[in-house]
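Scroll down for the structure; my scribbles are underneath it.
The values are calculated or read from the model by the stated rules, or taken from the named source; none is laboratory data. As the structure is a prediction and not an experimental result, all values here were calculated from the model. Ideal geometry is used to build each Cβ from the backbone, glycine not excepted, and the neighbour counts take in all protein chains shown.
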Amino acid sequence: MKLLKLVLIVIIFVSCKDGKQEKDTFSFIEQFEGHQLNQDYWNYDLGDGCPNLCGWGNNERQIYTKDNITVKDGNLIITATKDSTGYYSGKITTKNKIEFQYGSVEVRAKLPLGSGLWPAFWMLGHDIETNTWPACGEIDILEYVGKMPNQIHTTLHTPDSYGQSVNTKITTIPDIEEGFHKYRTNWTKDAISFYVDDILVYTFAPTVKNDKTWPFNKPFYIIINLAIGGNFGGPEVDDSIFPQAFVIDYVKVTSAE
């Protein structure tokens, strides 16, 4: 049994110096204990994105369902499947439940295998409903596409550079598909750094920070999904690979607001 279960803590440190309050520290640890998704912290994102964002904005093929998401043996398991009616998978978010600004965000995950799969662990700005993408900002901590084995993609999307963003790094890691690996970002008011298995792979720190280059001075929320096909993951999909699973061991957040 895992030593830690889900923990949600807010600690407020008060300093007498200059009569000012020090920064709050927010911690969130999700180890997916039990037999179902904890909906106090996670939302299911369902369907195919229609009518407002068909194909989830990327010409993806999957329909997201609750049935493709399970919690078992201390893991979150998102399974991509195919049948005669189409492709199915899962997506969850912490939107309006767990949102934070600055800190460390880490996931330990095992990747699925096969051309056409596109697992991701990423974040969007909390104001996306009123400040639409890319103005809301996007932080891609982990993206992997099955057609490009042994490569991990870390990317920032901003109004200044989005879609085929120049703010990206592709890191080649032999056999990254084997076993579990850790993916982390450290996010401050000055820079966003990315790590794979505790090794720094990329830092984004624009000299000029404004609404176009740095939409990262506000709370963000977490997204975990396994897409199929699409502009990045596809367009081709190898139908012989199904089912395939994206397995999450834990998610950890420590945020200094």
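Some values worked out for this structure:
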quantity	calculated
Filter result (assigned to a loop (DSSP other than H, G, I, E, B) and modelled with pLDDT of 95 or more) within the range 153-165	Pro159, Asp160, Tyr162, Ser165
Residue check, Asp83 of a type in the set (Asp, Glu) and surrounded by fewer than 20 Cβ atoms within 10 Å (Cβ to Cβ)	yes
Matching entry among Thr130, Thr155 (being of a type in the set (S, T, N, Q) and under 16 Å from the mean Cα position of the chain (by Cα))	Thr155
Members of the range 80-101 that are part of a strand (DSSP E or B), over 16 Å from the mean Cα position of the chain (by Cα) and at negative phi	Ala80, Thr81, Lys82, Asp83, Tyr87, Tyr88
Inter-residue pairs, beta-carbon under 6 Å, first of a type in the set (Phe, Trp, Tyr) and in the range 84-98, second surrounded by fewer than 21 Cβ atoms within 10 Å (Cβ to Cβ) and in a loop (DSSP other than H, G, I, E, B), 6+ apart	Tyr88/Thr65
Answer from Lys209, Lys218 - the residue that is surrounded by fewer than 21 Cβ atoms within 10 Å (Cβ to Cβ) and touching a residue at least 40 places away in the same chain (Cβ under 8 Å)	Lys218
Matching residues, the range 212-254, being within 14 Å of the chain's Cα centre (by Cα) and of a type in the set (Asp, Glu)	Asp249
Hey, Ile192 among the aliphatic types (A, V, I, L, M), surrounded by 13 or more Cβ atoms within 10 Å (Cβ to Cβ) and within 17 Å of the chain's Cα centre (by Cα) or not	yes
Only listed residue being surrounded by fewer than 19 Cβ atoms within 10 Å (Cβ to Cβ), of a type in the set (A, V, I, L, M, F, W, C) and farther than 26 Å from Ile241 by Cα, chosen from Ile98, Ile77, Ile63, Ile29	Ile29
Residue that is nearest to the chain's Cα centre (by Cα), among those in the range 111-127 that are in a loop (DSSP other than H, G, I, E, B) and over 28 Å from Glu236 (Cα atoms)	His126
Subset of the range 133-152 (residues that are more than 16 Å from the chain's Cα centre (by Cα) and part of a strand (DSSP E or B))	Gln151
Residues of the range 177-189 classified as under 17 Å from the mean Cα position of the chain (by Cα) and either of a type in the set (Val, Ile, Thr) or over 20 Å from Gln151 (Cβ atoms) (or both), total	3
Sole residue being hydroxyl-bearing (Ser, Thr, Tyr) and out of contact with any His (no Cβ under 6 Å at 6 or more places or on another chain), chosen from Ser255, Ser165	Ser255
Residue list for the range 107-145, restricted to those being over 22 Å from Val251 (Cα atoms), out of contact with any Pro (no Cβ under 7 Å at 6 or more places or on another chain) and of a type outside the set (Val, Ile, Thr)	Gly114, Ser115, Gly116, Asp127, Glu129, Asn131, Trp133
